[in-house]
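Student: If you scroll down you'll find the structure; I have some questions about it.
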There are 2 protein chains.
Amino acid sequence: MNNPRRQNLISVYRDGLLNDVVPFWLRHAADQEHGGIMTAVNQDGSRLDTDKGVWQQGRFAWLMGKLYNQVEAREEWLTQAKRTVEFIERHCFDPEDGRMWFHVTREGAPIRKRRYAYSESFAAIAFGEYAKATGDDYYAERARELFLQFINHNLNPRGVTPKFTDVRPTRGIGFPMIAMNTAQELRESIDLPEAHEWIDRSVDAIRDFHVKDEIECVMETVGVGGEILDHFDGRTLNPGHAIEAAWFIMQEGAYRDDDSLIQLGCKMLDWMWRRGWDQQYGGLLYFVDLRGLPVQDYWHDMKFWWPQNETIIATLMAYHLTGDEKYAAWNQQAHDWAYRHFPDHEHGEWFGYLHRDGSVSTSLKGNLWKGPFHLPRMQLICWKLLAAAEAAPQPSAAISNLAD
Amino acid sequence: MNNPRRQNLISVYRDGLLNDVVPFWLRHAADQEHGGIMTAVNQDGSRLDTDKGVWQQGRFAWLMGKLYNQVEAREEWLTQAKRTVEFIERHCFDPEDGRMWFHVTREGAPIRKRRYAYSESFAAIAFGEYAKATGDDYYAERARELFLQFINHNLNPRGVTPKFTDVRPTRGIGFPMIAMNTAQELRESIDLPEAHEWIDRSVDAIRDFHVKDEIECVMETVGVGGEILDHFDGRTLNPGHAIEAAWFIMQEGAYRDDDSLIQLGCKMLDWMWRRGWDQQYGGLLYFVDLRGLPVQDYWHDMKFWWPQNETIIATLMAYHLTGDEKYAAWNQQAHDWAYRHFPDHEHGEWFGYLHRDGSVSTSLKGNLWKGPFHLPRMQLICWKLLAAAEAAPQPSAAISNLAD
């Protein structure tokens with residue numbers, strides 16, 4: 001990557017983050033009355049729904065805290081983090097069992113709880129950044145509690161009816177990868193004592209059960225012993241998810257200066273780029289089948305925003321860690337395709353859901369699933385990565401700086 | 001509709017049913033070893049998954065019994081019905097609570113149960129047709145038991161964790177419309193004593209809560225008192241579903257010789273055709289928003305097979321009941337678009353999932369959701385309707401014949 005391209009990318013990411021994406025959400029979606037964020041907005045930012053997704057509350061508070069801690073101590077960001085963290089504390093827990101809701105009204109009345117505990121993981125990283133920004137030990141302790149609650153619920157779910165019987169038990173990559181990234185985040189923000197242990201366990205689970213050398217594939221769902229299940233669910237691959245897990249692992253390799261982790265992450269990226277990149281139209285496909293058969297999920301060939309974000313991060317990180325020009329080429333391909341199709345040049349931010357050919361399927365900018373997270377995280381990480389690489393002679397030093 | 005077109009349509013539907021669709025499923029999907037059907041097959045009929053959807057077991061046995069009862073007493077059809085009904089009896093009930101599974105293995109080990117009880121409604125109509133075909137009172141009694149079990153579970157769900165809290169309670173059109181059609185089917189097959197009562201209740205529920213004259217719309221989901229909920233879920237319309245409910249009601253109007261029901265069904269069709277028909281590419285859209293806003297479900301603009309099937313039935317029935325040429329024109333539009341895009345001229349049957357523009361999204365012919373039901377039901381009903389209309393001078397007499 002030459003210097004003019006690097007300079008250009010830094011400004012695309014930094015300016016996009018600070019002058020487009022963050023202002024879009026603060027202007028249109030932050031709830032000035034009750035705290036938190038109402039992510040369901042249309043193309044122009046007009047409101048589609050006042051309901052609040054609990055994942056998005058945690059992610060938004062995390063982003064505000066992160067920007068305050070990493071970019072600049074702007075009062076507005078800290079205020080938004082505070083108001084959102086307080087909304088979470090006040091309204092997002094079921095007093096009956098202490099578990100978090102998934103979906104609440106604007107005022108915080110509960111609509112839905114789910115079987116899993118990802119609300120807890122996103123609240124944990126939000127509380128962690130807020131604790132770091134304020135120095136308030138109460139929130140550091142809450143962040144750790146929520147992390148352990150997330151872990152414990154996944155290992156030993158109580159009070160929920162399982163979705164499936166125990167005839168064909170499975171394990172998904174979602175839990176270890178989110179456990180790993182949550183631990184990485186909390187190591188940075190509150191120096192979580194359990195971080196190293198859970199990162200090790202998560203990497204082991206991904207490597208032992210999901211990474212298949214013989215077929216060069218990262219499996220999304222396997223049997224409890226890592227068996228490949230020759231059914232729709234077992235064969236369905238989620239390349240964007242696997243590539244996200246890949247950069248969590250590369251980042252850990254850089255942090256620990258452990259080449260074996262960097263190689264593992266790069267291998268996962270290599271395989272899933274080949275399986276997930278759409279040779280016909282470009283962009284990362286949502287689902288593909290292990291053997292190229294049809295998948296059951298009918299939106300399989302759509303281009304969602306977040307797999308592109310994760311691919312852009314992973315390819316840039318792999319390039320900086322290895323110097324392999326292949327990754328710079330993939331990064332350019334992923335970046336160029338995404339920036340050709342997703343940004344809304346009229347009202348800012350990105351569209352979220354494109355058809356396979358890159359045409360826009362829906363004009364909305366947010367819903368229960370899409371909010372200020374994957375895109376601004378990509379912008380922040382890629383900006384910092386490129387800026388650090390500019391300053392540091394050795395590639396991996398750049399990543400350590402990032403993860404510190 | 002002129003006579004040559006009618007003759008041509010009769011042969012498209014009848015021959016399509018008997019020489020293409022039914023043979024496709026019998027050849028590729030019927031389980032000769034364990035009974036029942038494995039609907040997950042690829043374009044050429046090759047197997048994608050051996051698992052069995054319980055809805056599809058009931059629907060397949062219903063179709064086999066229906067063909068035996070209405071078309072011709074072919075031993076093969078009765079044998080398939082018998083083997084599938086026996087598979088259902090043996091493997092599709094949870095002995096712990098008597099509720100039915102949703103998804104089982106080929107051999108019948110349970111994989112998943114759901115909160116709702118549609119497996120019961122489809123098993124009920126299967127048992128009803130089988131009782132009629134064999135004269136076996138045991139299955140007639142089982143059909144009635146399952147119908148009441150379906151009703152009771154919907155009114156008073158026990159042993160399931162609700163998906164939503166009671167902060168914003170809703171009612172969906174799915175329960176009354178399926179209750180109504182199940183009762184219609186069981187009235188015909190086993191003379192269900194409760195049929196009239198449940199059809200009345202279902203029509204009342206649809207008319208009182210879901211049919212909105214002031215905005216000319218059939219709502220999929222409303223508040224318990226029929227309030228329009230200005231949130232994603234409340235605004236999301238499912239035109240294919242509403243049009244299916246419309247012909248259930250028209251059919252009842254013809255059966256009872258009740259013009260007010262025919263008018264209600266036609267009104268529902270009129271509104272939802274206007275809201276659901278894609279003016280740009282043709283075909284019925286999957287979801288649309290009440291006010292034209294984005295919907296949350298990202299596959300909203302795909303063209304699934306079944307909404308086209310239901311629209312073809314509803315427009316043909318409306319034409320025969322009213323003589324209004326508008327319905328003949330809509331019927332031709334719906335038929336022509338569907339037959340231009342869905343049939344697989346190489347291996348038979350229809351593709352199930354097209355992009356908005358009519359291009360094929362996935363080559364599979366079946367999965368847990370798609371099996372031999374909506375398409376062959378359309379072929380059978382439209383064939384019989386056209387044939388009866390040819391013989392009967394009065395349009396509504398044709399429909400009564402059909403429902404008898």
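Student: Let me confirm one metric for peptide A:302-308, namely the mean number of other chain beta-carbon atoms within 10 Å of its residues' beta-carbons. Can you show the working numbers first?
Tutor: Numbers: counts 5, 0, 1, 0, 0, 0, 0.
That average works out to 1.
Student: What are the DSSP H helices in chain B that stretch 20 Å or more along their long axis, judged by alpha-carbon atoms, and whose average Kyte-Doolittle hydropathy comes to at least 0.5?
Tutor: Helix filter hits for chain B: B:374-391.
Student: Return the calculated 222 nm mean residue ellipticity for chain B, to the nearest 500 deg cm²/dmol, obtained by summing -39500 (n - 2.57) across DSSP H runs with n ≥ 4 and dividing by the residue count.
Tutor: Values: 15 runs with 220 residues, N = 404.
Mean residue ellipticity, 222 nm, calculated: -17500 deg cm²/dmol.
Student: Next up: What percent do you get for the relative contact order of chain A when only Cα pairs under 8 Å and 6+ apart count? Don't skip to the end; give the middle numbers.
Tutor: Details: 723 pairs, mean separation 69.8, N = 404.
RCO, chain A: 17 percent.
Student: Mind listing the phi-derived Karplus ³J(HN,Hα) values for segment B:106-111, rounded to whole Hz, using 6.51, -1.76 and 1.60 with θ = phi - 60°, and x for any glycine or proline?
Tutor: Running phi through 6.51 cos²θ - 1.76 cosθ + 1.60 with θ = phi - 60° gives 3, 7, x, 7, x, 10 Hz.
Student: In chain B, carbon and sulfur make up what percent of the accessible area (probe 1.4 Å)?
Tutor: Working: 6580 of 14360 Å².
The C+S portion of the solvent-accessible surface of chain B is 46 percent.
Student: Which of the aspartates and glutamates could a cross-linker span from B:K163 if the Cα-Cα distance has to be under 16 Å and same-chain partners fewer than 8 positions apart are dropped?
Tutor: Filter leaves A:D94, B:D233.
Student: If I build a Gaussian network model for chain A, linking alpha-carbon pairs within less than 10 angstrom, which residue out of A:T236, A:T170, A:T161 has the largest mean-square fluctuation?
Tutor: A:T161
Student: Cross-link candidates for B:K82: which lysines have Cα within less than 19 Å, leaving aside residues fewer than 8 places away along the same chain?
Tutor: Leaving aside lysines fewer than 8 places away in the same chain, those within reach of B:K82 are B:K52, B:K66, B:K132.
Student: If you average the sequence gap of Cα pairs under 8 Å that are 6 or more apart and divide by the length of segment A:32-163, what percent do you get for the contact order?
Tutor: Numbers: 216 pairs, mean separation 32.6, N = 132.
Reported relative contact order: 25 percent.
Student: Which order do peptides A:275-282, B:60-67, B:88-95 fall in by mean Cβ count within 10 Å, highest first?
Tutor: Going by the mean number of other Cβ atoms within 10 Å, highest first, we get B:60-67, B:88-95, A:275-282.
Student: Ignore the peptide's own chain and count Cβ atoms of other chains within 10 Å of each Cβ in A:354-366; give me the average, rounded.
Tutor: Working: counts 1, 7, 3, 3, 0, 3, 0, 8, 9, 2, 6, 1, 0.
The mean count of partner-chain Cβ atoms within 10 Å per residue comes to 3.
Student: For segment A:259-404: lysine pairs with Cα atoms under 28 Å, gap of 8 or more or different chains, count?
Tutor: Lysine pairs satisfying the spacing and distance rule in segment A:259-404 number 10.
Student: Can you run phi through the Karplus equation (6.51, -1.76, 1.60; θ = phi - 60°) for segment A:285-300 and list ³J(HN,Hα) in whole Hz, with x for Gly and Pro?
Tutor: 3J(HN,Hα) across segment A:285-300, in whole Hz: 5, 6, 10, 9, 8, 3, 10, x, 7, x, 9, 7, 6, 7, 8, 3.
Student: So, one more: What's the local net charge at A:A61, with K and R +1, D and E -1, over the other residues with C-beta under 10 Å away?
Tutor: Details: positive: A:R59, A:K66, A:K82, A:R83; negative: A:E86, A:E129.
Net charge around A:A61: +2.
Student: Further, regarding this structure: Ranking request for peptides B:243-255, A:370-382: highest mean number of other beta-carbon atoms within 10 Å first, then the rest in descending order. Don't skip to the end; give the middle numbers.
Tutor: Numbers: B:243-255: 26.6, A:370-382: 23.7.
Put in order of decreasing packing, that is B:243-255, A:370-382.
Student: List the distances, in nm and shortest first, from the label point of A:K163 to the matching label points in every other copy, placing each point 7 Å from Cα along the Cα-to-Cβ direction.
Tutor: 1.3
Student: GNM on chain B, C-alpha springs below 10 Å: top fluctuator among B:N309, B:N154, B:N238?
Tutor: Top of the fluctuation ranking is B:N154.
Student: B:E145 to A:F164: FRET efficiency via 1/(1 + (r/R0)^6), r the Cβ-Cβ distance, R0 41 Å, to the nearest 0.05? If you can, show how the numbers build up before the last one.
Tutor: Values: r = 27 Å, r/R0 = 0.66.
Computed FRET efficiency for B:E145 and A:F164 comes out at 0.90.
Student: When Cβ neighbours within 10 Å are restricted to other protein chains, what is their mean count per residue of peptide B:254-267? Let's see the in-between values first.
Tutor: Values: counts 0, 0, 0, 0, 0, 0, 0, 0, 0, 0, 0, 0, 0, 0.
If you average over the peptide's residues, the count of other-chain Cβ atoms is 0.
The values are calculated or read from the model by the stated rules, or taken from the named source; none is laboratory data. These numbers come from a predicted model, not from an experiment. Because the Cβ atoms are built from the backbone with ideal geometry, glycine has one as well, and the counts that use them run over all protein chains shown. In case anyone asks, the SASA skips ligands and DNA or RNA and just uses the protein heavy atoms, side chains included. Shrake-Rupley method; radii C 1.70, N 1.55, O 1.52, S 1.80 Å.
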